[in-house]
Amino acid sequence: AALWGEVNRCGQNGDFARALKPLNRILQASREDATALRCKVVCLIQSGAFREALGLMGAHAKALGSDGMAFEKAYCEYRLNRIESALRTIESAAQRTDQLKELYGQVLYRLERYDECLATYRDLIRNSQDEYEEERKTNLSAVVAAQSTWERVVPEDLGLREATYELCYNSACALIGQGKLNEAMKKLQKAEGLCRQSLSEDSDVTEEDIEAELAIIHGQMAYIMQLQGRTEDALQLYNQIIKLKPTDVGLLAVIANNIITINKDQNVFDSKKKVKLTNAEGVEHKLSKKQLQAIEFNKALLAMYTNQAEQCRKLAGSLQAQSPEHLLPVLIQAAQLCREKQHARAVGLLQDFAEQHPASAAEVKLTMAQLKIAQGSVTKACIILRSIEELQHKPGMVSALVTMYSHEEDIDSAIEVFTQAIQWYQQHEAPKSPVHLSLIREAANFKLKHGRKEAAISDLEELWKQNPKDVHTLAQLISAYSLVDPEKAKVLSKHLPSSDSLSLKVDVDALENSPGATYIRKKAGKLAGDSQQKEQGQGDVKKKKKKKKGKLPKNYDPKVTPDPERWLPMRERSYYRGRKKGKKKDQVGKGTQGSTTAGSELDASKAASSPPTSPRPGSAAAVSSNVIPPRHQKPAGAPATKKKQQQKKKKGGKSGW
């Protein structure tokens, strides 16, 4: 009795660890005491010793009964992250109590079976009424947010009053899943205000505690900024949250992953540090499967950007083994092969995946076409693109193919692309659909541009038949016929509307007086005054203006005939003999030192008396004007020796360029 009294007292005080001592003494005396065993299990659970509690229940299963502690067992398994075991325990229970239903909802949420989870919480809210109603509504809104985010399900309006910051936060997450980012940001700001208000009412809560609680809200705000392209603001907020060192490893992993996605192939050193936060213990139990998968994808991409080829292949291969139908691991492997200049292997890898998974064939083939274009094989890329049957008729695909074929000057193939697309719309959609008519018009314009006039005329005639009132098409048709059959063009021009029917109702005065008009009509008053003056002066004879006599030059002689070339520049006149140069000026500084120039010696006697310098045999005695003085003369053979020396230098010397 004394021991049970101590157990009761410890239980009332919430001192469960201390209650274990008297319970152990009771069990020493009676090992199969069911009450003592139940109390010990509860004390172990309250103390966080879930593994020991589970072991105790397993060891004394007979004493406790087959269904006596189903909730406690399932709860221990749930807390030990044995979610599948917890589900089996709950489903095998003979009676599903409200406690088990609450736990069942949590287990289904962790298993991402959101539809069943939603039904469970609706049933609980409908059939229970206690102090935990607000928590149940919060959990219900969390399920709706998860459906919107991960399953792209449009959430239904649950009619929940967003009186708490948890409800506001979950509502914001649901809006993010729908892409309503501005509304989601307003909800998060409201949640932040409610959180500050509710926590500040408690005097024991510090500002640091409030910031730690707000970390998850701020993280979601940063995520919205990132989606909106405000990467600098998002990065700043992410780093502020990391500096707070929150205890939630799931939050830290998500923030680190988002920073890595912002960095991409830049700031790789920072990304390497952040990736360590995604490897923290217990992260896999805090995040959804899609979040964990996204983190693994980014790890593989980071390995590729840091030139860790083997690590990248290993991570991508592991991801492909986990999700064989997923395209992204194959794209990462192909990208890594391309970085290693193994384009043929990359194309082969993508080709194999497209054959094994036809659902993803379109995306794979687009990637293959991109690789072919990067290699310069535009024609092969066109062949791959034309093999995507579900995209052949799309305007974007038609435009891309026509552009590529035009680049390769393959006009016939480009016209064939137009023809196939037009035929598809004729078979599958109404002939007068806007896309169909637009394709016919573009085909006609393309054919006219490249000289296929007859084919263009047939397209334009078909367009005109579809809409005979289309003046634009008729004008194009007449223009095309004017190049081939002018008579036919004249006949068709009769169908054009008259100029009167095409006149627009335009206020000419208002248009001319508008600020942007280049011509502004003069005011009416001024015009009236001018007209009156004109009327008065109609009878007056106009005075003729006298022509002024031209001025004659001072030395003008009327008896002498003027020079007919006087209007031409002096250099262009027939009698121009050039400018006379001064003789003395021409002699200064001309020729080598000591030499004489032509005409410099005028006295013939001097020239005859002075002997020639270095006379050559048989040469005249007279001094030539181009004779070089002896000291400036070069010895015979000097130029040849110089050339040989230069050649030797060229052979032996090294060029500096």
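The values are calculated or read from the model by the stated rules, or taken from the named source; none is laboratory data. Worth saying up front: this structure is predicted, and the values here are computed from it rather than measured. Neighbour counts run over all protein chains shown; Cβ positions are idealised from the backbone, glycine included. Calculation scope for accessible area: heavy atoms of the full protein, side chains included, ligands and nucleic acids excluded. Shrake-Rupley method; radii C 1.70, N 1.55, O 1.52, S 1.80 Å.
Here Q266 meets each of (1) over 22 Å from Y305 (Cβ atoms); (2) polar (S, T, N, Q); (3) not in a helix (DSSP H, G or I) with one exception, condition (1). Exactly one residue out of E296, E310 is exposed (fewer than 14 other Cβ atoms within 10 Å of the Cβ) and either modelled with pLDDT of 90 or more or closer than 30 Å to H357 by Cβ (or both): that is E310. Restricted to helices (runs of 4 or more DSSP H) entirely inside segment 86-172, those with at least 2 residues that are under 21 Å from K190 (Cβ atoms) and not assigned by the TED database to the domain that holds Q291 are 133-150. Restricting the first member to segment 502-519 and to residues that are surrounded by 10 or more Cβ atoms within 10 Å (Cβ to Cβ), and the second to residues that are at pLDDT 70 or above, the beta-carbon pairs closer than 8 Å and six or more apart or on different chains are A517/L511. Go through the residues of segment 92-101 one by one and say whether even a single one is at pLDDT 90 or above and in contact with a helix residue (DSSP H, G or I) (Cβ under 7 Å, 6 or more places away or on another chain). Scanning segment 92-101 turns up at least one residue that is at pLDDT 90 or above and in contact with a helix residue (DSSP H, G or I) (Cβ under 7 Å, 6 or more places away or on another chain). Just one of the numbered conditions (1) buried (at least 21 other Cβ atoms within 10 Å of the Cβ); (2) farther than 16 Å from C173 by Cα is not true of R122: (1).
One line per residue, one yes/no per condition, for (1) open to solvent by 40 Å² or more (accessible area, probe 1.4 Å); (2) out of contact with any Asp or Glu (no Cβ under 8 Å at 6 or more places or on another chain):
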{"position": "C10", "(1), (2)": "no, yes"}
{"position": "F16", "(1), (2)": "yes, yes"}
{"position": "P22", "(1), (2)": "no, no"}
{"position": "S30", "(1), (2)": "yes, yes"}
{"position": "T35", "(1), (2)": "yes, yes"}
{"position": "K40", "(1), (2)": "yes, yes"}
{"position": "Q46", "(1), (2)": "yes, yes"}
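Restricting attention to segment 200-207, does a residue exist that is touching a Lys or Arg at 6+ places or on another chain (Cβ under 8 Å) and over 25 Å from R122 (Cα atoms)? The answer is no; no qualifying residue exists. Hey, does segment 200-207 have a residue that's within 18 Å of L287 (Cα to Cα) and over 23 Å from the mean Cα position of the chain (by Cα)? The answer is no, given that none of the residues of segment 200-207 is within 18 Å of L287 (Cα to Cα) and over 23 Å from the mean Cα position of the chain (by Cα). The set of residues from segment 165-181 being surrounded by 19 or more Cβ atoms within 10 Å (Cβ to Cβ) and not small (G, A, S) comprises Y165, E166, L167, C168, Y169, N170, C173, L175, I176.
Is there a residue being assigned to a helix (DSSP H, G or I), in contact with a Cys (Cβ under 8 Å, 6 or more places away or on another chain) and buried (at least 17 other Cβ atoms within 10 Å of the Cβ) anywhere in segment 215-230? Scanning segment 215-230 turns up at least one residue that is assigned to a helix (DSSP H, G or I), in contact with a Cys (Cβ under 8 Å, 6 or more places away or on another chain) and buried (at least 17 other Cβ atoms within 10 Å of the Cβ). Just one of the listed residues (D265, D248) is out of contact with any Pro (no Cβ under 7 Å at 6 or more places or on another chain), of a type in the set (D, E, K, R) and under 26 Å from L194 (Cβ atoms), namely D248.
Taking residues in segment 77-91 that are in contact (Cβ under 8 Å) with a residue 60 or more places away in the chain, and partners anywhere that are in a helix (DSSP H, G or I) and open to solvent by 40 Å² or more (accessible area, probe 1.4 Å), the pairs with Cβ atoms closer than 9 Å and at least 6 places apart or on different chains are N81/R110; N81/E284; N81/H285.
Can you tell me which of Q351, Q333, Q320 is within 24 Å of the chain's Cα centre (by Cα) and part of a helix (DSSP H, G or I)?
Q333
Tell me which residues, restricted to segment 78-119, are of a type in the set (A, V, I, L, M) and open to solvent by 30 Å² or more (accessible area, probe 1.4 Å).
From segment 78-119, those of a type in the set (A, V, I, L, M) are 80, 83, 86-87, 90, 93-94, 100, 103, 107-108, 111, 118-119; that's our starting set.
Residues satisfying the conditions are L80, A94, L111, A119.
Counting only helices (runs of 4 or more DSSP H) that sit wholly inside segment 377-477, those with at least 3 residues that are open to solvent by less than 60 Å² (accessible area, probe 1.4 Å) and in contact with a Lys or Arg (Cβ under 6 Å, 6 or more places away or on another chain) are 453-466.
Taking A280 as the residue in question, decide whether it is more than 22 Å from I176 (Cα to Cα), over 26 Å from the mean Cα position of the chain (by Cα), outside the structural domain of C195 (by the TED database) and not acidic (D, E). Answer is yes for this residue.
Residues of segment 410-430 that are over 12 Å from A443 (Cβ atoms) and at pLDDT below 85: W424, Q426, Q427, H428, E429, A430.
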